[in-house]
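In what follows, a structure is listed as structure tokens, so that the remarks can point back to it.
The values are calculated or read from the model by the stated rules, or taken from the named source; none is laboratory data. No experiment lies behind these values; they were computed from the predicted model shown. Cβ: placed from backbone, ideal geometry, glycine included. Neighbour counts: every protein chain shown. Areas reflect the complete protein model, heavy atoms only, side chains present, ligands, DNA and RNA absent. Shrake-Rupley method; radii C 1.70, N 1.55, O 1.52, S 1.80 Å.
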2 protein chains.
Amino acid sequence: MTEQPIQTMTGAEALVSTLADHGVTACFANPGTSEMHLVTALDHEPRIKSTLCLFEGVATGAADGHARVTGAPAMTLLHLGAGYLNGGANIHNARRAWTPMVNVIGDHAVPHQRFDAPLASDVVGMAGPNSRWIKSADTVAQAGELAAQAWEASFGPEPGPVSLILPADTAWLEGGKPGATRARPSLRAPDPARIDAAAAAVKSASKPVIIINGTALTEAGLAQAARVKAAGIRVLTDTFFPRQARGAGRFVPDRMQYFAEGAMADLEGSDLMLIAGTQVPVAFFAYPGKPSVLVPEGCAPMVIGGPDTDSAAILAALADALGTKEAAPVAELDVPGAPTGALNAAAIGASIARHMPEGCFVSDDGVSNGLPSFLMTQRARPHDWMMLTGGAIGQGMPLALGASLAAPDRKTLCITGDGAGMYTNQALWSMAREGANVVNVVFVNHSYRILNIELARTGAGNPGPAAQELLGLGHPEIDWVKLSEAQGVPAANATTAEEFDAALERAFAADGPRLIAAHVPAR
Amino acid sequence: MTEQPIQTMTGAEALVSTLADHGVTACFANPGTSEMHLVTALDHEPRIKSTLCLFEGVATGAADGHARVTGAPAMTLLHLGAGYLNGGANIHNARRAWTPMVNVIGDHAVPHQRFDAPLASDVVGMAGPNSRWIKSADTVAQAGELAAQAWEASFGPEPGPVSLILPADTAWLEGGKPGATRARPSLRAPDPARIDAAAAAVKSASKPVIIINGTALTEAGLAQAARVKAAGIRVLTDTFFPRQARGAGRFVPDRMQYFAEGAMADLEGSDLMLIAGTQVPVAFFAYPGKPSVLVPEGCAPMVIGGPDTDSAAILAALADALGTKEAAPVAELDVPGAPTGALNAAAIGASIARHMPEGCFVSDDGVSNGLPSFLMTQRARPHDWMMLTGGAIGQGMPLALGASLAAPDRKTLCITGDGAGMYTNQALWSMAREGANVVNVVFVNHSYRILNIELARTGAGNPGPAAQELLGLGHPEIDWVKLSEAQGVPAANATTAEEFDAALERAFAADGPRLIAAHVPAR
């Protein structure tokens, strides 16, 4: 008999090593005093790379981007309830993207919690609404097992962010044990009865549509979508989706329009709406006298499978049930010529379509200027497009950071409005530190331009002096080149299409992050 | 009989005008689509000045600073649950400062809420824990009345942030009515029985102390504290307090030490601890084997009145009950000479004591470098010092912004760490836009220096490569001058005591905001 050496492990070490055992490779962190033992546990875990973020919203957005690339959760390290709140908006966005994410939230030592120290707060109360799963590891023996549970829960039934609270004494005490290893959960397989029902409904419909999201937007899923299209069903994606394979060689689905009146006009006459991998579409906001649910009158929505279901498999089964042998055509490569003249969103889109390399990941927080870039890259080199799904602006640069660290050999392009970019501008510093291959394009129009549009749409009236003050970003104009250089990211201004095109070409050719301040008209 | 014109009012107008009727003069805002009618309502309300903040954490920190100066709540305008989360950490800090604040959170129109649109979230769930009061104005008839209730509730019993949720349809519908006018609530008067009990306990104690916060730290309150001191009671403030009158002519209380072991050594032998306007002191964090409650063994804590009670009145009543005729001496003006040589926290403190003008407000988010400035200004010109009470760093610049807008004819000094400053650096832009008279001093040590200290104190071990990566802000070093100039605030570097002293003198002499990057050693 050989004697095993007695191994001791703190709760922090049990948590970290259990996540590593389950394949977690990245931790986006902004630690504080209550997380010091987690920091040293990460020091001893070579399988997880830690990235410091100077604001928690950067950490959670980066974890989202990392997971959208790898398909598996990254961890974050957040400092008590206050750290959670700082990271909360991008956790909200991740929930709306069905992104698996393990948020590890440090807390006061259990015996300290009843004294209501200054940083104490009701973490479960605050974090609960945006957590698919939330527990506090109140004893050291639980830490590893709860880490395994948290990892598993981040995959579903509906994937999303989970919260694992780690009191400081659980972190520092010895007695941690690794959690039992879980198999990676899969999305649900399609329900054959619903597939048959959908196929039957299609046959009696005159103008059927299907709304897709999730795995249907992978390269393999879109190949099935092309078959569904060939069977006579119009294929639309959600307006905003976590990730879509695009460009040459991929089928090009339509996309739901953002504004409710546009979407309803676009869908007019549709008499059957199938849903695969998402929810029944609703308007982003309500407006006086306008519809909330984006389903035409007389059109029956039929959910084949929601976000918990493998929508690529739905499309394959549906095409099979319809006996489809053919597939709609895919996009052919079409790289536009160099734009000239005034710089605007369309010129920027043309340059992006020209220079974006194969395999690029795009993080789109472009708000009012992103659409032309999206449309003009339909036939660009193959790439993946990632969108802001939850509407909380300030996701673009953090998401790009995380995506780039997950795919360091590829390029990541971030397109963001200036208003959105300011929310989490600290992401630039982490990009510089990590040498992340991110090209940031900031649409600089010195305005929350979308709000000027929305002010009219909501019927709130013409902006007076106070409203103009609240919707404009001029006075003073932000110098994005300085803001970027201050954080270590080389940057350039572009005020003409020619300047932008040259700057973008240079930025994609460079190693490490770059930023281009693209000066576009405010109206 | 004259006929009154029929006045119509939206819910948004009812809310805004009701707050204005109650004396609210400032709105710190980051609006979105669901708040457009609030924006136009603010347009028509000349009694409230709106200030745009490029991140919600700036808005809530500024509302805190405004209220600490005026003693009454400012309003914020936040965009749904995501906007609340972004502003949440500084709302946490405000709760810990007992600062009245009315957070107005826009939400989806009530009929839209059941469709789970992308920006929908459980606002009550997320905002509840840090709200003294929270309600949603789900009908237009309620909007004005709930605004009045919210304003009243922000004063107590314990003052703090309240949350008023305004669905978009409540905002846009006609039928709003002003809320009934409330009188401003007062803090509780001291309980005479408790005063008598405290006075009796003092007489039989050999080494009594009193811990004070709240109104006891106003100029009038400190005059009473000086009487209590003359009666033989040691007077200490909480480690962190919302606001203290300081400098020449004011009594100088001791201050509870930050680190638990230091505080316990300092209090050794005390056999009676009275509490006025605060809670029984607890350690900021727990550490292995160290105490949580900062009360020596054998010392009885006696709460005369908590944060809901007028602590200045407690001190007056206690001094009367003890028959005190005298008062301890107050600080005499003592302005140090110009510091020379290497730049460090002590040299910075000397320059601040030299140049800080009478009536200055200080916003202290200085973390590991703030203490020398605090100590060296004890006998400076009369001023008010405002601290980070909740431990969520990133409050300094937003708080200074709000304080300055509440007292535009005075100077505001912000001292902040570089780690803390990065959290909410967007406050600089609002300072520039408003021409706020804020002098920002950033302690640039390229490090979360406090965490290097804490790593050792928690026994988490020596930092390895990952830990060093997570606690250091170098690689790349942030260029604070560029970061500040990018947002319109003129800035300068200082690397010697002489440079800093000259830069600070110039900054206080200037109109509008300035920033000094004060390069201090990391260890």
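So if we plug the beta-carbon distance of B:VAL110 and A:ARG114 into 1/(1 + (r/R0)^6) with R0 = 45 Å, what FRET efficiency do we get, rounded to 0.05? Walk me through the intermediate numbers first.
Details: r = 39 Å, r/R0 = 0.86.
Plugging the Cβ-Cβ distance into 1/(1 + (r/R0)^6) gives 0.70.
Applying a 10 Å radius around every beta-carbon, put A:87-99, B:164-176 in order of their mean neighbour count, most first. Show your work: numbers first, answer last.
Working: A:87-99: 30.7, B:164-176: 23.8.
Sorting A:87-99, B:164-176 by mean packing, highest first, produces A:87-99, B:164-176.
Using a label point 7 Å beyond Cα on the Cα-Cβ vector, give me the inter-copy distances for A:GLU332 in nanometres, one decimal, shortest first.
Values, ascending and in nm: 9.4.
Could you give log10 I(q)/I(0) at q = 0.10, 0.12, 0.22, 0.23 Å⁻¹ for the stretch B:192-321, computed by the Debye formula over C-alpha point scatterers of equal weight, without solvent?
Per q value, in the given order, log10 I(q)/I(0) is -0.28, -0.40, -1.34, -1.45.
Hey, rough spin-label estimate for B:ALA342 and B:ALA193, points 7 angstrom out along Cα→Cβ, what's it come to in nanometres?
It works out to 5.9 nm between the two label points.
Considering only C-alpha atoms, what is the centroid distance from the stretch A:456-476 to the stretch B:174-210, in Å?
44 Å
Determine the calculated [θ] at 222 nm for the protein assembly as shown from helices alone, applying -39500 (n - 2.57) to every DSSP H run no shorter than 4 residues and normalising by the residue count; nearest 500 deg cm²/dmol.
Computed ellipticity for the protein assembly as shown at 222 nm equals -11000 deg cm²/dmol.
Between copies, how close do the B:GLU297 label points come, placed 7 Å along Cα→Cβ, listed in nm from shortest?
Those separations, rounded to one decimal, come out as 8.2 nm.
Taking the Cα atoms of the stretch A:62-115, what is the range of coordinates along each of the three principal axes, in descending order and whole Å?
Computed over the Cα atoms, the extents are 42, 18, 14 Å.
Starting from a label point 7 Å past Cα on the Cβ side, list the distances from A:ILE453 to the same position in the other copies, nm, shortest first.
Label point to label point, same position, other copies: 5.0 nm.
When DSSP beta bridges are limited to those with both residues in chain A, what percentage is antiparallel, rounded to the nearest 5?
Values: 7 of 72 bridges.
Once the DSSP bridges in chain A are tallied, antiparallel ones form about 10 percent.
B:THR495 to B:ASP511: extension gain in nm, 0.36 nm per residue of separation minus the Cα-Cα distance? All intermediate terms of the calculation are to be shown ahead of the outcome.
Working: separation 16, 0.36 × 16 = 5.76 nm, distance 2.37 nm.
That works out to 3.4 nm of additional length.
Please list A:ASP196, A:ASP479, A:ASP384 from largest to smallest accessible area, probe radius 1.4 Å, with all protein chains kept in place.
Largest to smallest exposure gives the sequence A:ASP196, A:ASP479, A:ASP384.
Let me understand chain B better: what is its radius of gyration from the alpha carbons, and its Dmax, in angstrom?
23.9, 85
Where in chain B are the helices, taken as whole DSSP H runs, whose Cα atoms extend 20 angstrom or more along the long axis and whose Kyte-Doolittle mean reaches at least -0.5?
Helices meeting the criterion: B:56-70, B:80-96.
With the dipole of the protein assembly as shown worked out from charges on the C-beta (+1 for Lys and Arg, -1 for Asp and Glu) around the Cα centre, which of B:ASN86, A:THR181, B:PHE500 lies farthest toward the positive end?
Of the options given, the answer is A:THR181.
Taking each residue of A:287-297 in turn, how many C-beta atoms of other protein chains fall within 10 Å of its C-beta, and what is the average? Walk me through the intermediate numbers first.
Numbers: counts 7, 6, 0, 1, 1, 8, 2, 1, 0, 0, 0.
Averaged over the peptide's residues, the number is 2.
Rounded to the nearest 0.05, what FRET efficiency is calculated for B:LYS207 and A:ALA265 with R0 set to 51 Å and r the Cβ-Cβ distance?
Details: r = 81 Å, r/R0 = 1.58.
For B:LYS207 and A:ALA265, the calculated efficiency is 0.05.
Summarise the partner chain shielding of B:116-128 as one whole number: the mean count of Cβ atoms from other chains within 10 Å of each residue's Cβ. The partial results should precede the final answer.
On the way: counts 4, 10, 18, 8, 5, 9, 3, 1, 1, 6, 10, 4, 4.
Other-chain Cβ atoms within 10 Å of each residue's Cβ, averaged: 6.
In debye, nearest 20, what is the charge dipole magnitude of chain A about its Cα centre with +1 on Lys and Arg Cβ and -1 on Asp and Glu Cβ, if you could check?
1000 debye
Quick one: if the Förster radius is 51 Å, what FRET efficiency do B:ALA300 and B:THR25 give, using the C-beta to C-beta distance and rounding to 0.05?
Efficiency, rounded to the nearest 0.05: 0.70.
Rounded to the nearest 20 Debye, what is the dipole magnitude of the stretch B:11-172 about its Cα centre when Lys and Arg each give +1 and Asp and Glu each give -1 at the C-beta?
So the dipole magnitude of the stretch B:11-172 works out to roughly 460 debye.
Under unit Cβ charges (Lys, Arg +1; Asp, Glu -1), what dipole magnitude, rounded to 20 debye, does the protein assembly as shown have relative to its Cα centre? Each step should come with its number before you reach the end.
Values: 72 positive and 100 negative charges, 23 e Å.
The calculated dipole for the protein assembly as shown is roughly 100 debye.
Could you order A:LYS207, B:LYS411, A:LYS325 by accessible surface area, starting with the largest, using a probe radius of 1.4 Å?
Numbers: A:LYS207 90, B:LYS411 35, A:LYS325 185 Å².
Putting A:LYS207, B:LYS411, A:LYS325 in descending order of accessible area: A:LYS325, A:LYS207, B:LYS411.
Please work out the Cα convex hull volume for the stretch A:345-519 and give it in Å³ per residue.
Numbers: hull volume 19.0 nm³, N = 175.
Considering the Cα atoms of the stretch A:345-519, their hull volume per residue is 108 Å³.
Enter the Cα centre distance for the pair the stretch B:345-401 and the stretch A:278-323, rounded to the nearest angstrom.
Cα centroid to Cα centroid, the span is 57 Å.
Which whole number of Å³ per residue matches the convex hull of the alpha-carbon atoms in the stretch B:463-523?
About 92 Å³ per residue, rounded to a whole number.
Name the residue farthest towards the positive end of the dipole of the stretch A:345-519 from the options A:ALA460, A:GLN378, A:ILE348, assuming +1 on Cβ of Lys and Arg, -1 on Cβ of Asp and Glu, about the Cα centre.
The residue sitting most towards the positive pole is A:GLN378.
Using a cut-off of under 19 Å, list every residue of the stretch A:34-70 whose amide N is near the label point 7 Å from the Cα of A:THR8 along the Cα-to-beta-carbon line.
Residues A:36-45 fall inside that zone.
Relative to the present Cα-Cα distance, how much length would full extension add between A:TYR258 and A:GLU174 at 0.36 nm per residue of separation?
Extending this stretch completely gives an extra 24.9 nm.
So what's Rg/Rh here for the protein assembly as shown, counting alpha carbon atoms and using the Kirkwood radius for Rh?
0.98
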